[in-house]
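Each reported figure results from applying straightforward, stated rules to the coordinates on display, with no laboratory input. Keep in mind that this is a model prediction, so the values were computed, not measured. Neighbour counts run over all protein chains shown; Cβ positions are idealised from the backbone, glycine included.
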Amino acid sequence: MSVEAIFALLFTFIVLLIFLELFHRAVAALIGAFLATYFGLVYHVITYEEIFTFIDFKLLIFVIGVYIIVEVLDRAGVFHFIALILINLVGASPRRLTILFPLMTILFSAFLSNIAAMVIVATLTVAITKRVKVDPLPYLILESIIANIGGMALIISSIPNMLVGLKAGFTFLDFLVFSFPLMTILTVITVLAFRRTLLKVDAVEERGIEKFDPWSAVKDRRVFTRSLFIFVLTLVLLVFCDRIGVGMEAVASGGAVALLALTGIDLEDVLRHIDWGTIFFFGGFFILVGSVERSGLLSLLAHKLLAFSQGNPALFTLLILWFSAFLSGVVDNIPVTLTLIPIIQTAIVETGFKAAPLWWSLIFGVAVGGNLTPLSSPTGIAAMGILDKEGYTDYFHQFLKVGFLASMLLLAVATIYTYLLFLILG
Amino acid sequence: MLKKTLDKLKSYTRRERMVEYEEERRRVNEILSKPSIAIRVELPPGFEDMREEFMSLEHDDAFLSAVKDLVRKTLLMKRLKR
């Protein structure tokens, strides 16, 4: 058996473990790392010293920094404060909810992880739809789709954005210029499509609710003000960090340290709520992918994809978009992104294709792909769990009715947008 | 087959996400409802023989109305002192 075949089997085995959820994905990735190290050393694919160079420590620092910032902001009540202001501003009649909830979802998933954004917005949705006596189910389907789309807004919005952004050297502004407009277009299309089909807003009786006091979400105004100030300062520094000669990981970790020091929030408590599973998953999967790359398997895959696209850069870009979308419709989008990055790097080095459109197609693909089925993304699964708990058991079928079609529509729009981007950047 | 997979996933979501959801639901309910306080009042010394009457104050409308009045007056005084 060739080395490529052994690593192909190992990689498929680990992806299957992640897909079937037989272990926590971090444990599966660490098993993969140990097996890859063993086979890599036995077949002289890697040396022991270079194993640790596979781990992208800059990314780990960036992700931990962002996690801490978001956790402190949440404790300070910033997100709930903003949610109450939005409810008061937009209003909560059934018709206005179709604007309110998507707006809230987009805003939160731009700064929080998609799943954290989904839990906050879904909880508010259940509470508010009960008050105005409408069915929360269609709103939650809409939110689970939009949470995934919102994940493409900024570099800090999702792990794939951070992974690709740091690897491609994209700045905070690049995301505002290239990714944010597509996110806006896709959100508007989704809301319009849902207003006419699932939400049937014209048939619902208009009912308003009382205004809320946003300060009820804030326990300590001093902590709130300081958190908000440091967060805004961190965002500004993220925008201009390339001009001051530091990386985004330095700004994010600096912001996290400043927040912990100036708000007095208990570090131990913050650390307990950080998603360490994802951090350990990174460690393991970086070593696995690094070893698989050294075995030549990913280069082989890159050549297959290039052959399929007949060396046409536009076709290859769109192929990456669709390939990543369908893969992340089945597997978590983080391993998909980690696997496709070296494939894209190989294609760029060997063909001289323009890098930027390829990286954007990967970011767009993994974001849109999370909506292909109700189980394609953690947001869909969380929405289903919450509705189940509230006694609504029809999420899966209702999603299949409209969700898949909506996703295909979104993928079609993303394809047109990516092609235009290819023409502009290529 | 599909039902089995769904049930498995549902149990997974319940296990993994429901704790998070319960916490969030408590927080949202707290934020969206009117602020309230719960005060523990002990039977004053020397009234041990009136235990029953004391316990029934919890449901005594006239008493509760008087407490509400007292809260209003106290807050009014605090506002004036600001």
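Taking the Cα centre of the range A:194-319 as the origin, how large is its charge dipole in debye, to the nearest 20, when only Lys and Arg (+1) and Asp and Glu (-1) carry charge on their Cβ atoms? Roughly 280 debye, rounded to the nearest 20. I need the calculated FRET efficiency for the pair A:Met408 and A:Asp269, taking r as the beta carbon distance and R₀ as 56 Å, to the nearest 0.05. Once rounded, the FRET efficiency stands at 0.80. Other protein chain C-beta atoms within 10 Å of residue C-beta, averaged over A:112-123: 3.
For A:Tyr419, A:Tyr395, B:Tyr21, the sequence from fewest to most other C-beta atoms within 10 Å is A:Tyr419, B:Tyr21, A:Tyr395.
Taking square-rooted eigenvalues a ≥ b ≥ c of the alpha carbon gyration tensor, is the range A:161-296 rounded, prolate or oblate, where a/c under 1.5 means rounded and, failing that, a/b exceeding b/c means prolate? Cα axes put the range A:161-296 in the oblate bin. Mind running the shape call on the range A:291-336? Use the C-alpha gyration tensor, a ≥ b ≥ c as the square roots of the eigenvalues: rounded below 1.5 for a/c, prolate if a/b tops b/c, oblate otherwise. Oblate, since a/c reaches 1.5 and b/c is not below a/b.
Peptides B:34-46, A:181-193, A:279-291 ordered by packing proxy, namely the average of other Cβ atoms within 10 Å per residue, highest first: A:279-291, A:181-193, B:34-46. Taking the Cα centre of chain A as reference, the dipole from Cβ charges on Lys and Arg (+1) and Asp and Glu (-1) amounts to some 940 debye.
Only helical runs count toward this figure. For the protein assembly as shown, summing -39,500 (n - 2.57) over DSSP H runs of n ≥ 4 and dividing by all residues gives -24500 deg cm²/dmol at 222 nm. With Cα atoms as the point set, the radius of gyration and Dmax of the protein assembly as shown evaluate to 26.0, 96 Å. In the frame of its principal axes, the range A:300-426 has Cα extents of 55, 26, 20 Å, reported largest first. Projecting the Cα atoms of A:Leu238, A:Val90, A:Ile120 onto the charge dipole of chain A, computed from C-beta unit charges around the Cα centre, puts A:Val90 farthest toward the positive end. Projecting the Cα atoms of A:Val292, A:Leu306, A:Gly352 onto the charge dipole of the range A:279-426 (Cβ charges, centred on the Cα centre) puts A:Gly352 farthest toward the positive pole.
May I ask you to sort B:Met77, A:Met248 by Cβ crowding, counting other Cβ atoms within 10 Å and putting the fewest first?
B:Met77, A:Met248
Neighbour counting of Cβ atoms within 10 Å sorts the residues A:Ser109, A:Ser2, A:Ser299, fewest neighbours leading, into A:Ser2, A:Ser299, A:Ser109. The range A:20-56 and the range B:48-72 have Cα centres separated by 69 Å. Under the simplified labelling scheme, the A:Tyr38-A:Leu176 pair shows an inter-label distance of 5.0 nm, with each label point 7 Å from Cα along Cα→Cβ. According to the square roots a ≥ b ≥ c of the eigenvalues of the Cα gyration tensor, what is the shape class of the range A:86-241, taking rounded for a/c under 1.5, prolate for a/b larger than b/c otherwise, and oblate for the remainder? It comes out oblate by the Cα gyration axes.
GNM on chain A, alpha-carbon springs under 10 angstrom: the most fluctuating residue among A:Gly385, A:Gly165, A:Gly255 is A:Gly385. Among A:Phe396, A:Ile416, A:Ser376, whose Cα lies farthest out toward the positive end of the dipole of the protein assembly as shown, if unit charges sit on the beta carbon of Lys, Arg (+1) and Asp, Glu (-1)? So the residue we want is A:Ile416. Computing FRET efficiency as 1/(1 + (r/R0)^6) for B:Leu57 and A:Asp220, where r is the C-beta to C-beta distance and R0 is 41 Å, gives about 0.75.
At R0 = 45 Å, how high is the FRET efficiency between B:Val67 and A:Leu89 if r is their beta carbon distance? Nearest 0.05 is fine. It comes to 0.80.
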